[in-house]
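Beneath this line is the structure, given in structure tokens, with notes to follow.
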Amino acid sequence: MTDLPTLDHWINGAPASGASTRTAPVFDPARGVAQKNVRMASTADLGTAVAAARAAFPAWRGTSIAKRQSVLFTFRELLNKRSGELAAILTSEHGKVLSDAGGEIARGLEVVEFACSMPTLIKGEYSENVSTGIDVYSLKQPLGVVGIISPFNFPAMVPLWFFPLAIAAGNTVVLKPSEKDPSAANWMAELMKEAGLPDGVLNVVHGDKEAVDALLTHPDVASISFVGSTPIARYIYETASANGKRVQALGGAKNHMLVLPDADLDLAADAAVNAGFGSAGERCMAISVVLAVDAVADALIEKITERMATLKTGDGRRGCDMGPLITGVHRDKVSGYIDVAAADGATVVVDGRGVTPDGDANGFWLGPTLLDKVPLGSAAYTDEIFGPVLSIVRVDGYEQGLDIINSSQYGNGTAIFTNDGGAARRFQNEVSVGMIGINVPIPVPVAYHSFGGWKESLFGDAKAYGPSGIAFFTREKAVTSRWLDPSHGGLNLGFPQHD
Ligand code: NAD
């Protein structure tokens, strides 16, 4: 497709074509056609970006915290004012409906606002007179060049989980966004420049495995923040760690919602539909399995089905509830799981394969789908489907529901719906999951708490943003200091003790 525009990298404050001639198509999923091409970096192109970030680091880390903070403040103002432009980019390349794109930006903005408080967040600690005449203090300093690798499903929010904090803390950044919807990253980098960010502090390199591998192994890259599927997260964690880098690698998910018999079933049904089909189920915090206690399962399914009948699938620019999937290949993979579930004995209560979309016939459509009695041994249950397919698994009570959740390889998010405070409190204590909702279906923590799962949903021990984000993007020095005084003289070969 040579007549399509080509999206460049963003290196040293300007678009850069790089040396590689490889490109990949970027689709408009609601129309099913390529709308532009994106460059795919070579190892050498990635090296150019790292060199720019490395060159920018000394001056940026030496810039006052107040100045760094003011760039973030201005970025926040600009992003707020121009969020409509970014939402249009997200809808056009990802397919999510415009209102959902606005929500993604709002949740990313939260982290920008959190990063604006860097002067407080990066404060060290001071202990006076720990031994006679000796003071100890700790400093938090930036790491250097940090690498960020983001997935297709949140092309703005996931980069915003990381780069504002990294930059406010004094690091410089090489961001490798998803090649499926890459334009948001360039748009944000350009806006950071408009906000006053010096060239080279935030660089965007597009590409695939070649660019990622170059980032993971580059000796001048201090850390890797990754978000994506579990197999790739594991690979990133192992490779980057073996290359001496600090790593946080957030992986895939299979999030369960446990509905106890005393729950408000209308609220639970609303929540299941919103959290199951928002963004066409392409959220790492989507609810993909409802664990319904037998006594209420039929009533709950009826309420969910009624609500599903009102959903409009179509072009995200036309006021629909749910947009297309990211690619035709992914749509076919997701719809294949409906066949798998049926073959394994599940009941297809609502089949999204026959959906009539409000949009171009060539779009990557799949309507909301509801499966009942999904066997735990079916790949439709065990795999992360990442699409608008909600599975019901019937359980005989709390204990069985909890066992199922705790047996999952994933531990990203979960929710319990109940009016029993004791059951909810037990659940938060007993469940092996990193983020828990109590009558809240998508419990994405606010920016001043940290985001991350357990088990195969997070490799490494640092969650994203919040206190974990600050710790991840800084390293501490402890300084023990004495200002000389004649009384401090004398020889003593023993290990220092306090007097
Ligand atoms: P993905 O793993 O396919 O891609 C993520 C990133 O890795 C992209 O930048 C991609 O270019 C790169 N990549 C892909 N294959 C690679 C390879 N072989 N070697 C090196 N790099 C490679 O994920 P995706 O399909 O873009 O995103 C969806 C996945 O992300 C889902 O599994 C979802 O659960 C997960 N996700 C998790 C969270 C979380 O916070 N835990 C948040 C959002 C998305």
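Can you spot a residue in the range 68-83 that is charged (D, E, K, R), at pLDDT 95 or above and not in a helix (DSSP H, G or I)? Checked against the condition, which is being charged (D, E, K, R), at pLDDT 95 or above and not in a helix (DSSP H, G or I), the range 68-83 yields at least one hit.
Considering only residues in the range 199-212 that are assigned to a loop (DSSP other than H, G, I, E, B) and not aliphatic (A, V, I, L, M), the one that is nearest to the ligand (Cβ to nearest atom) turns out to be Asp208.
Within the range 172-180, is even one residue part of a strand (DSSP E or B), among the hydroxyl-bearing types (Ser, Thr, Tyr), in contact with a Leu (Cβ under 9 Å, 6 or more places away or on another chain) and more than 16 Å from the ligand (Cβ to nearest atom)? Checking the range 172-180: at least one residue is part of a strand (DSSP E or B), among the hydroxyl-bearing types (Ser, Thr, Tyr), in contact with a Leu (Cβ under 9 Å, 6 or more places away or on another chain) and more than 16 Å from the ligand (Cβ to nearest atom). Looking at the structure I just gave you, is Val145 touching a residue at least 40 places away in the same chain (Cβ under 8 Å), more than 30 Å from Gln35 (Cβ to Cβ) and not small (Gly, Ala, Ser)? Judged against the criteria, Val145 is a match. With respect to the stated conditions, Glu194 fails to be within 12 Å of the ligand (Cβ to nearest atom) and either under 30 Å from Leu98 (Cβ atoms) or not hydroxyl-bearing (Ser, Thr, Tyr) (or both). Among the residues of the range 158-171, those that are part of a helix (DSSP H, G or I) and either open to solvent by 10 Å² or more (accessible area, probe 1.4 Å) or away from the ligand (no atom under 15 Å from the Cβ) (or both) comprise Pro164, Leu165, Ala166, Ile167, Ala168.
Restricted to the range 402-458, and to residues there that are out of contact with any Pro (no Cβ under 9 Å at 6 or more places or on another chain) and aromatic (Phe, Trp, Tyr), the residue that is least open to solvent (accessible area, probe 1.4 Å) is Phe427. Among (1) of a type in the set (A, V, I, L, M, F, W, C); (2) free of Cβ contacts under 8 Å to residues at least 60 places away in the same chain; (3) in a strand (DSSP E or B), which single condition is Leu291 missing? All conditions pass for Leu291, except number (2). Which members of the range 341-355 meet the condition of being open to solvent by 50 Å² or more (accessible area, probe 1.4 Å) and in contact (Cβ under 8 Å) with a residue 40 or more places away in the chain? The answer is Val349, and nothing else. For the range 305-319, the criterion of being crowded, with 24+ Cβ neighbours inside 10 Å and under 29 Å from Gly397 (Cβ atoms) is satisfied by no residue at all. Would you check if Gly196 is touching a residue at least 12 places away in the same chain (Cβ under 8 Å), open to solvent by less than 10 Å² (accessible area, probe 1.4 Å) and outside any strand (DSSP E or B)? It is false that Gly196 is touching a residue at least 12 places away in the same chain (Cβ under 8 Å), open to solvent by less than 10 Å² (accessible area, probe 1.4 Å) and outside any strand (DSSP E or B). Residues in the range 359-388 that are among the β-branched types (Val, Ile, Thr) and closer than 20 Å to Asp298 by Cβ: Thr369, Val374. Within the range 294-322, the set of residues being of a type in the set (A, V, I, L, M) and part of a helix (DSSP H, G or I) comprises Ala295, Val296, Ala297, Ala299, Leu300, Ile301, Ile304, Met308.
Of the strands (runs of 3 or more DSSP E) entirely within the range 213-283, those holding at least 2 residues that are hydrophobic (A, V, I, L, M, F, W, C) and under 16 Å from the mean Cα position of the chain (by Cα) occupy 221-227, 246-250.
The values are calculated or read from the model by the stated rules, or taken from the named source; none is laboratory data. Please read all numbers here as calculations on a predicted model, not as lab measurements. Cβ sites come from the backbone with ideal geometry, for glycine too, and all protein chains shown count toward neighbours. Surface accessibility is based on the protein's heavy atoms, side chains included, excluding ligands, DNA and RNA. Shrake-Rupley method; radii C 1.70, N 1.55, O 1.52, S 1.80 Å.
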